[in-house]
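The values are calculated or read from the model by the stated rules, or taken from the named source; none is laboratory data. None of these values were measured; they are calculated from a predicted model. No Cβ is skipped: glycine too gets one built from the backbone with ideal geometry, and neighbour counts run over all protein chains shown.
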């Protein structure tokens with residue numbers, strides 16, 4: 001089952017609740033004679049079915065299970081009291097659609113929970129990447145203040161890339177990795193530069209992973 005089929009199964013389940021509620025009302029009024037007990041039963045069952053429909057519409061697994069239990073209990077009694085072909089058909093079809101509602105709600109719950117966890121991880125990696133870019137820019141300013149060495153192009157490039165990663169841009173994440181790597185290669189004889197860039201490259205890699213994962217999850 002995929003997400004589309006799960007949504008369809010959930011839709012069929014809450015539509016089933018509404019159909020059962022309508023069917024119950026029609027049966028009640030078309031019976032021609034009814035007691036106060038029948039009226040009270042109808043006033044209890046209809047809101048329950050409509051409440052379950054709302055719950056299943058909101059992907060509630062609990063409501064889907066309750067519907068399945070209610071249908072088994074109610075429809076089985078109907079078949080036992082009147083074992084006609086139409087009652088058997090209603091029993092089998094309602095059990096089928098209510099059970100699919102359970103499967104759909106369960107799949108939706110597990111899938112969405114997993115996707116939310118992956119999305120949070122992707123956003124966290126993205127956050128670490130763009131913050132690392134801001135910190136790198138601050139280091140350039142500190143070096144300028146202490147050593148009077150100004151690397152204006154590097155500063156504006158890394159700040160721009162950090163903003164791009166903040167906006168979940170995959171190209172900017174790749175360029176940020178290239179920026180750190182080129183800096184590392186360019187100053188291969190400078191131990192300090194090598195150490196600093198080596199510390200920031202993992203953040204850039206996480207930014208790449210985060211941006212690509214983020215857009216992949218959003219498409220789902």
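Among the residues of segment 185-206, those that are under 19 Å from residue 155 (Cβ atoms), surrounded by 16 or more Cβ atoms within 10 Å (Cβ to Cβ) and either at pLDDT 85 or above or not assigned by TED's automatic domain parsing to the domain that holds residue 136 (or both) comprise 200, 201, 203, 204. The residues listed here are 103, 115; of these, the one that is at pLDDT 90 or above and either in contact with a strand residue (DSSP E or B) (Cβ under 9 Å, 6 or more places away or on another chain) or under 23 Å from residue 61 (Cβ atoms) (or both) is 103. Restricting the search to segment 207-220, which residues are assigned to a helix (DSSP H, G or I) and loosely packed, with under 15 Cβ neighbours inside 10 Å? The answer is 215, 216, 218, 219. Among helices (runs of 4 or more DSSP H) entirely within segment 57-171, having at least 2 residues that are at negative phi and in the same structural domain as residue 214 (by TED's automatic domain parsing) singles out 85-147, 152-166.
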